[in-house]
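Chemist: What follows is a single structure, and I will ask about it in a moment.
The values are calculated or read from the model by the stated rules, or taken from the named source; none is laboratory data. Everything numeric in this text was worked out from a predicted model, so none of it was measured. Every residue, glycine as well, gets a Cβ built from its backbone with ideal geometry; the counts of neighbours run over all protein chains shown. Quick note on the areas: whole protein, heavy atoms, side chains included, nothing else; ligands and nucleic acids left out. Shrake-Rupley method; radii C 1.70, N 1.55, O 1.52, S 1.80 Å.
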Amino acid sequence: QVQLVESGGGLVQPGESLRLSCAASGNIFSLNSMGWYRQAPGKQRESVATITGDGKTTYATSVKGRFTLSRDNAKNTVYLQMNSLKPEDTAVYYCKVTTNMAYWGKGTLVTVSS
């Protein structure tokens with residue numbers, strides 16, 4: 001089993017920043033991809049940003065240039081730096097990691113509102 005601990009969500013105003021963290025622990029032999037997904041009210045869960053084991057990142061078009069994903073392999077942690085936040089970024093953000101199977105975090109709420 002793999003446990004994921006997410007942190008960093010909260011309430012911010014438009015234009016502000018937040019940094020999400022997701023630390024993986026447990027039965028980790030090799031983490032492959034790590035990333036963040038989000039689900040807004042009434043919408044399907046969507047990929048925000050993912051990073052492969054060799055560091056290749058992929059971003060949703062809506063967050064390119066504003067969000068930056070990084071990972072610390074020594075700490076089995078992935079970070080999502082979110083800048084210039086918009087109200088449409090409001091969602092529950094979920095961490096996902098894959099080893100030989102996929103694991104999801106419980107989610108952290110990000111609310112962008114004035």
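Chemist: With a 1.4 Å probe and every protein chain kept in, tell me what percent of the accessible surface of the chain is carbon plus sulfur.
Modeler: Using a 1.4 Å probe with all protein chains present, the chain comes out at 48 percent carbon and sulfur.
Chemist: Kindly report the accessible area of segment 4-96 per residue (heavy atoms of protein chains, probe 1.4 Å, no ligands, DNA or RNA), in Å².
Modeler: Accessible area per residue, segment 4-96: 53 Å².
Chemist: Still on this model: Given 0.36 nm per residue, what is the gain on full extension from K86 to I28 after removing their alpha carbon distance, in nm?
Modeler: Stretched fully, the K86-I28 segment lengthens by 17.4 nm.
Chemist: Let me ask something additional. Once the piece of chain linking D72 and S47 is laid out straight, how much longer is it, given 0.36 nm per residue of separation minus the C-alpha distance between them?
Modeler: Once the chain is fully extended between D72 and S47, it gains 7.0 nm.
Chemist: Simple spin-label model, 7 Å along Cα-to-Cβ: S21 to D54 in nm?
Modeler: So the two model labels end up 3.0 nm from each other.
Chemist: By a straight-distance test (C-alpha under 14 Å), which aspartates and glutamates pair with K43 as possible cross-link partners, with residues fewer than eight away in the same chain excluded?
Modeler: Once the sequence-local aspartates and glutamates are set aside, what remains near K43 is E88, D89.
Chemist: Over 22 Å apart: what share of the alpha carbon pairs of the chain falls there, rounded to a whole percent? Mind dumping the intermediate values first?
Modeler: Numbers: 1680 of 6441 pairs.
I get 26 percent for the Cα pairs in the chain exceeding 22 Å.
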